[in-house]
Structure formats: structure tokens, C-alpha cells
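**Q** Pasting in a structure now, in C-alpha cells, and then I'll have a few things to ask.
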Amino acid sequence: MKNTIENNKQKWDKDYHWHHHGDEWDGQAVYCNQNYEAWKHSLVEHLILPHVNETTTALEIAPGHGRWSGVLADRVDKLIIADVSPSCIDHCKKMLADKSHVEFHVNDGKTLNVIPDQSIDFVWSFDSFVHIDKPTTASYISEISRVLKTGGKAILHHPGRSHSFLWLGFIRHWGEIGKQLYKFISMHRISDHDGWRANISAKMIRDLAGKNRLIVVDQLQYWDSGKKFGVPRFNDRLTLFEKQP
Ligand SMILES: C[S@@+](CC[C@H](N)C(=O)[O-])C[C@H]1O[C@@H](n2cnc3c(N)ncnc32)[C@H](O)[C@@H]1O
């Protein structure tokens, strides 16, 4: 199944059951040999808390059922969340009903039209761009650059397929054998499925940043110095961007 806006909307809005509202996705923690709660705590400590405080205006793209939205909402001055799925936004509205500083938007899956230029300090998106195709990711990176204030930061979790083999990505639509073969070639993984990862590399993200006045401050697989906590499953990456003047 291709990583289009329509397929993402169908999957997350209609087909998926959200058993534990996103906390069922413990695969990265398991791959790191870590307890899920410890992994989640470490992620919040290393990736979210350093970038937010009581004066921050934050934007979360594709929050799903709000696995990270509550953490953000409790720490910032204003939180805007945008997701292509109406049912996900409905869930977040109920979950954050008592937070008057949170704005909710169902968007078109590629733009952030309702958000003014240079109004955001911090953009966060986890476990969502991993499923989003290149044209849509390119549109969002341009939009992130538009809405960020100068010096503002963004963190996106995205695939880290081998850049030199991206051209072969078409074979993953040749049934299960093509998908497995391309997973091996582009992720260097034998076991496991391909996590419905889009055909995106870390270099592609750096190139898109460069075209959009975003500096890549860091690209990580593990966020702690001991390399105990991260997103190594499916060879994913996290990119930290900063908006240039
Ligand atoms: C796997 S869930 C992750 C949810 C949440 N970020 C988390 O970590 O628990 C993917 C989310 O991305 C949203 N999504 C997928 N494609 C999108 C797009 N093009 N624009 C906005 N949201 C999108 C889905 O609706 C869903 O809520």
C-alpha cells in the first residue's frame, strides 16, 4: 500500500482500532531492549523538554490519539495540533477538553494553511512522517519553514532508508517478496516487516531542509549518549531542524 495522504487517512481515521491510543507501539523500545515506559520517559526528557517552556507556541503535526500531546500541552503557552484524521482530532479534543490553550485542526494532509507565518517556536511529529510519502513530506517541510519563527526548532521522526537505493523503491509494490527484498536492500534488516515505511532517506530530508531555509542541527538514531534509547527499528531517524533568518 502506497504512503499517500488518502491511504494514511483511511488507515488511521477508519481502519485502525487504537487499542491503547498509541501506547501499543512499543516496538522501538523492544528493539532497544528497554521497558516501554522507560523509553517513553527518556524520549520526553531528551527530545521534548529541552525545546519547550511556558512561553513556547508549539505545533504537533499528526498527533493521532495524543500520545505526546498531553506532555506538550502541560508545558507550553499554546499548542496547535493538526491531523488529517477527523476521528483522531475528535479524540484529542475530548482528551484535552480542559486545556483552553490547545487549538485543534483537521487539515488537508499536506499544508498548515490556518497557521500564520513565523508564529511557531517548536514543531514536533513522531511516528507519522515514517508513513508519509516524499511529495507530502516536501510540502510539510516547506510549511514548517514558513510557520517557524527565526531560530525556531522542529523535530521530525522519519524513515532512514539507504539513499543510493531509493530509485529501486518501486519493487516494494511487487508483492511480499519485493517488499522483503527492498527492506533488506534499503534498511539492512532481515527479520521483521517494513513498518510501512515511506521511501525516504536521511539525506533526502537534509536536502529538503536545505531548499527551505532550515538548518539540520542533528540527525539521530539514538538520543542518549549511551545509545540505549532511540528509533533503530526499521533504521529510522530523528532530524532536528532550526529555522534560518
Ligand atoms: C502512527 S500514527 C502516530 C500518532 C502519534 N504521533 C503517536 O506517536 O502516537 C500516525 C498519525 O499520522 C496521521 N497522519 C498520517 N498522514 C498524515 C498527513 N499527511 N497529514 C496529517 N496527519 C497525517 C494519522 O492520521 C495518524 O494520526
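All of the numbers you see were taken from the coordinates with simple rules; none came from a lab. Every value quoted in this text rests on a predicted model; they were computed, and no experiment measured them. Virtual Cβ from ideal backbone geometry, glycine too; neighbours counted across all protein chains shown.
**Q** About the Cα centre of segment 174-245, how large is the charge dipole given +1 on each Lys and Arg Cβ and -1 on each Asp and Glu Cβ? Please answer in debye to the nearest 20.
**A** Values: 13 positive and 8 negative charges, 27 e Å.
It comes to approximately 120 debye.
**Q** Report relative contact order for the chain in percent, whole number only (criteria: Cα-Cα under 8 Å, sequence separation at least 6).
**A** Working: 455 pairs, mean separation 51.2, N = 245.
Result for the chain is 21 percent.
**Q** Oh, and also: Run through every distinct alpha carbon pair of the chain and return the Kirkwood hydrodynamic radius in angstroms, one decimal place. Walk me through the numbers on the way to the answer.
**A** Numbers: mean 1/r = 0.0548 Å⁻¹.
Mean inverse Cα-Cα distance, inverted, gives 18.2 Å.
**Q** Which value in Å is the Kirkwood Rh of segment 138-229 over different Cα pairs? Spell out each step's value before the answer.
**A** Numbers: mean 1/r = 0.0672 Å⁻¹.
Hydrodynamic radius (Kirkwood, Cα pairs) of segment 138-229 is 14.9 Å.
**Q** Let me ask you something else. Can you give me the Cα centroid spacing of segment 107-121 and segment 22-90 in angstrom?
**A** Each part's Cα centre sits 19 Å from the other's.
**Q** Sort the following peptides by mean Cβ neighbour count (other Cβ atoms within 10 Å, averaged over residues), highest first: 119-131, 199-211, 22-34, 93-105.
**A** On the way: 119-131: 22.2, 199-211: 19.2, 22-34: 15.7, 93-105: 13.8.
Ranking the peptides 119-131, 199-211, 22-34, 93-105 by packing returns 119-131, 199-211, 22-34, 93-105.
**Q** Continuing with this model, one more query. How much length, in nm to one decimal, is gained on full extension between residue 163 and residue 21, taken as 0.36 nm per residue of separation minus their Cα-Cα distance?
**A** Values: separation 142, 0.36 × 142 = 51.12 nm, distance 3.26 nm.
The span from residue 163 to residue 21 would gain 47.9 nm if fully extended.
**Q** What does the helix-only formula give at 222 nm for the chain: each DSSP H stretch with n ≥ 4 adding -39500 (n - 2.57), the total divided by the residues, and the result rounded to the nearest 500 deg cm²/dmol? Can you show the working numbers first?
**A** Values: 8 runs with 69 residues, N = 245.
After summing the helix terms and dividing by residue count, I get -8000 deg cm²/dmol.
**Q** Let me spell out the model: positive unit charges on the Cβ of Lys and Arg, negative unit charges on the Cβ of Asp and Glu, origin at the Cα centre of the chain. What dipole size does that give, in debye rounded to 20?
**A** Working: 31 positive and 30 negative charges, 171 e Å.
Charge dipole of the chain: 820 debye, to the nearest 20.
**Q** Then there's this: If you bin every alpha carbon distance in segment 1-46 into 10 Å steps from zero, what whole percent lands in each bin?
**A** For segment 1-46, the pair-distance distribution reads 24, 35, 32, 9.
**Q** Beyond 13 Å, what share of the Cα-Cα pairs of segment 206-245 remains, rounded to the nearest whole percent? Spell out each step's value before the answer.
**A** Details: 442 of 780 pairs.
Taking all Cα-Cα pairs of segment 206-245, the fraction more than 13 Å apart is 57 percent.
**Q** Output the antiparallel fraction of DSSP beta bridges having both residues in segment 5-243, as a percent to the nearest 5. All intermediate terms of the calculation are to be shown ahead of the outcome.
**A** Details: 13 of 31 bridges.
Here the share of antiparallel DSSP bridges comes out near 40 percent.
**Q** Name the residue farthest towards the positive end of the dipole of the chain from the options 22, 148, 41, assuming +1 on Cβ of Lys and Arg, -1 on Cβ of Asp and Glu, about the Cα centre.
**A** With unit charges placed on the Cβ atoms, the residue in question is 148.
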